[in-house]
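Let me begin by presenting the structure, written as structure tokens, before commenting on it.
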Amino acid sequence: MPKNVIIIGGPTASGKSGLALDLATEFDGVIINADASQVYKGIPIISAAPSAADKARAEHKLYEYLEPSVNGNVFNWLNDAVVAVKEVWQSRKTPIVVGGSGLYLENLVKGTTPIPEVKPEIREQVSTFIEKHGIQSLYEHLLSADSAGASLVNPNDTTRVRRAYEIFLSSGHSIADWYKQPMVQKLPEADFFSINILPPKADLDQRCDVRFEQMLSAGAVEEVKKLMELNLSPDLPSMRAKGVPELISFIKNVISLDEAIELSQLHTRQYAKRQLTWFRNKFNADITLSSCYIGQKDFINDVKKIYK
């Protein structure tokens, strides 16, 4: 069997999941998640995770498999994704990797730096430090211990600051040194077929706004209330998913529901715009759809003509 992998990338609300489902039907596929928010349990509404009906249509992997208390990252996901892809190959089906986290897709397709695994005790040590002292204090420690690594990260980016410091403590080397090493291809035997969805920004904005309103109707506020009951650090990825901080502010009576909706929609549109720019400039695709995917059969036929 050929080691084919279909990759679907594009901004949030562009119709990637719908396309993945239709292609899974065409190519006997299994859908593998490459969205940084959809990996977490407890936020299926906010993260727009696949519904029960979606899962009935096709097998899904790496969705809602991490506890919201976990600080997931691209390196952990990549290892899990490699295992998932190989499992799909063994079942003689087609892996369809879909998501809006461009860095995840880039590392899968192009390769990743050979950074070693962080020791669990160091991860716990850094987590405790952040809870007590905050991310700014951790950045100051990183700057003092590893100025080269600190220069590569935004001081306010919790995930990257934490990762850089963990790597330094665990390996004794700067993340800057690891980035200089040759890239390692985790699936060198794979034949990737990439699809890019690049709709007009105006269409994307409208879909982002409508989707958040649908999330509210589906119970997003109650979902966030349950998440708050876990008393997690606000710096965790699950707590920073689009809509979560804004709805927390509403629940705490800091802002009104209308303000929470407006801010959530704004931040989602801004995120989608950044994704659109990234996928337009950095994601080399075999075929591109210049509109949101809403079940266009002609595009499916175009894919079938090119995909081998």
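Values as computed for the structure displayed
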{"quantity": "Residue that is farthest from Lys225 (Cα to Cα) [pool: residues in segment 252-287 that are surrounded by fewer than 16 Cβ atoms within 10 Å (Cβ to Cβ) and of a type in the set (Val, Ile, Thr)]", "calculated": "Ile287"}
{"quantity": "Test result for Ile45, buried (at least 24 other Cβ atoms within 10 Å of the Cβ) and either outside any strand (DSSP E or B) or of a type in the set (A, V, I, L, M) (or both)", "calculated": "no"}
{"quantity": "Residue satisfying all of: in segment 52-91; among the β-branched types (Val, Ile, Thr) and modelled with pLDDT under 95; surrounded by the fewest Cβ atoms within 10 Å (Cβ to Cβ) among these", "calculated": "Val70"}
{"quantity": "Condition met for Ser91 (among the hydroxyl-bearing types (Ser, Thr, Tyr), touching a helix residue (DSSP H, G or I) at 6+ places or on another chain (Cβ under 8 Å), touching a residue at least 12 places away in the same chain (Cβ under 8 Å) and not assigned by TED's automatic domain parsing to the domain that holds Ser170)", "calculated": "no"}
{"quantity": "Within segment 71-158, helices (runs of 4 or more DSSP H) holding 1 or more residues that are within 30 Å of Tyr307 (Cβ to Cβ)", "calculated": "74-90, 102-110"}
{"quantity": "Hits in segment 192-234 (condition: of a type in the set (Phe, Trp, Tyr) and under 12 Å from Leu247 (Cα atoms))", "calculated": "Phe212"}
{"quantity": "Leu103 being surrounded by fewer than 17 Cβ atoms within 10 Å (Cβ to Cβ) and within 13 Å of the chain's Cα centre (by Cα)", "calculated": "yes"}
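The values are calculated or read from the model by the stated rules, or taken from the named source; none is laboratory data. None of the values given here were measured: they were computed from a predicted structure. Cβ atoms come from the backbone with ideal geometry, glycine included; neighbour counts cover every protein chain shown.
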